[in-house]
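The structure appears below as C-alpha cells.
The values are calculated or read from the model by the stated rules, or taken from the named source; none is laboratory data. This is a predicted model, so every value here is computed, not measured. Cβ placement follows ideal geometry from the backbone for every residue including glycine, while neighbour counts extend to all protein chains displayed. Keep in mind that these areas ignore ligands, DNA and RNA; they rest on the heavy atoms of the full protein, side chains included. Shrake-Rupley method; radii C 1.70, N 1.55, O 1.52, S 1.80 Å.
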Amino acid sequence: MTRGKRTQTSQLEVRLLREGILESIHQVQATVCDHRGRVLSVAGGADTATFVRSALKPFQALAVTTTGTLERYDLTDLDLAIICSSHQGTIEQARQVFNVLWRCDIDPSKLQCPTPANKNSPLQYNCSGKHAGMLAVCQQRNWPMESYLQMKHPVQQLIISKVAELLAMPAAEFIGARDDCGAPTYLLQLSQMATLYAKLASGDSLDLERIVRAMTYHPEMVGGEGSFDTELMRLTAGEIVSKSGAEGVQCIGRVGEGMGLAIKVNDGAKRAKYAVAIHLLTQMGWISPTIAETLGENYISLSNVKRLEVIGEMCMV
C-alpha cells in the first residue's frame, strides 16, 4: 500500500483475461475504516455512496438481538445465522427459517418476500431468514405483521435507529429504498459501510459479538456451498466476518481488530468484488497466502481459459 493524505485516489481495476488476452475491465472502489470511523486506506472515493443491499443484514439482525427476542423464543446461533443470511434455498436452510417462525408461533404465510422461480415457498427465498427475524420481533413486541416491510413500521424504525446509533448520525438523514425482497435498504458511503463492519468485528458490543459468532460458527447458513462468504469464513475459522450485497457490494470485518473493509464494483459485477476481496485481504495480511490460493481456485481462475487479474493498491490515509 502507498501512503498519502487523500480520501480520493485511483480506483482498482479488475481485468478478465481469456488465455492471457484482455477481454473485459471492471473499475472497483474500496475503503478500510477502524471502529471509530477513521478512514485508514482507500482506492477510489471513501465517500462514494451506494445501496448497502444485503450487506446490511447483520445490522438488521440487531432488532432481534437487542429486544430479548432470542431469549423469549429460545432462538439459537443457527437461527441467528440464517437471519443474517443470503442463503441458497436448500432444504436445510429453508427448514432453519421455518424453525425461527415455528418457535415464534408465526405462520409462514406471513412472509412477504417473493417465492423464487421454480420453487414452492417463500421460505426458499434468499432473504427469508431476514424476514423471519423481522416477524419474530413483531411477535415479541406485539407489532402488526401485515405492514412489517414499510419504512415507517416500528421494526424498520428500530433497525435504522440501531444503524444510526452505530454511525453517530440522525436516523432521519438516511436515504432508503425498497430492496428486491421488499424490505428497506439504505444509501451509505463506503466509509460508513466499512465503519459498520469494523464495529461488528471489534468485540465492543455483546449484541454484535453474538451476531459475529453465529455467522462465523455457522457459515454454511450465511450463504451455502460455493458461496464466497461461506468459504471465506470457513477458511479463516472465526478471524473474518463477511457479507455480500448485490450490485458489486462486499463487506468484511477483521474479528477482534476493529477494522472493516467495504468494496463496490462500479458496474455491479459479482466476479470482480470477490477477486478484489482476495487481493486486498492478502495485501493487508488478513488472510494467508495459502487461503488466498484456495479462494483463487474458485474466484480468480474462472475456467481453464479465463482468469481475473487485479491491478492497483489502496492508499493509506
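Some values worked out for this structure:
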{"item": "Meets criteria (open to solvent by 60 Å² or more (accessible area, probe 1.4 Å), in contact with a helix residue (DSSP H, G or I) (Cβ under 8 Å, 6 or more places away or on another chain) and acidic (Asp, Glu)) for ASP105", "result": "yes"}
{"item": "Lone qualifier among ALA201, ALA172 - being among the aliphatic types (A, V, I, L, M) and surrounded by fewer than 16 Cβ atoms within 10 Å (Cβ to Cβ)", "result": "ALA172"}
{"item": "Pair list, Cβ < 9 Å and 6+ apart or interchain, from the range 157-185 residues that are touching a residue at least 24 places away in the same chain (Cβ under 8 Å) and within 27 Å of GLU209 (Cβ to Cβ) to residues that are hydroxyl-bearing (Ser, Thr, Tyr) and in a loop (DSSP other than H, G, I, E, B)", "result": "LEU158/THR66; LEU158/THR67; LYS162/THR66; LEU166/SER205; CYS181/TYR125; ALA183/TYR148"}
{"item": "Test: residue in the range 248-270 that is assigned to a helix (DSSP H, G or I), open to solvent by less than 20 Å² (accessible area, probe 1.4 Å) and modelled with pLDDT of 95 or more", "result": "no"}
{"item": "Pairs where the first residue, in the range 111-128, is under 12 Å from THR90 (Cβ atoms) and the second is among the basic types (Lys, Arg) and open to solvent by 30 Å² or more (accessible area, probe 1.4 Å), C-beta under 7 Å, 6+ apart", "result": "none"}
{"item": "Subset of the range 282-317 that is of a type in the set (Val, Ile, Thr), assigned to a loop (DSSP other than H, G, I, E, B) and in contact (Cβ under 8 Å) with a residue 40 or more places away in the chain - its residue that is surrounded by the fewest Cβ atoms within 10 Å (Cβ to Cβ)", "result": "VAL305"}
{"item": "Residues located in the range 103-113, provided they are farther than 12 Å from GLY133 by Cα and outside any helix (DSSP H, G or I)", "result": "ASP105, ASP107, GLN112, CYS113"}
{"item": "Any hit, the range 159-179, residues being outside any strand (DSSP E or B) and in contact with a Cys (Cβ under 6 Å, 6 or more places away or on another chain)", "result": "no"}
{"item": "Hits in the range 65-102 - residues which are in a helix (DSSP H, G or I) and open to solvent by 80 Å² or more (accessible area, probe 1.4 Å)", "result": "GLU71, ARG72, ILE91, GLU92, ARG95, PHE98, TRP102"}
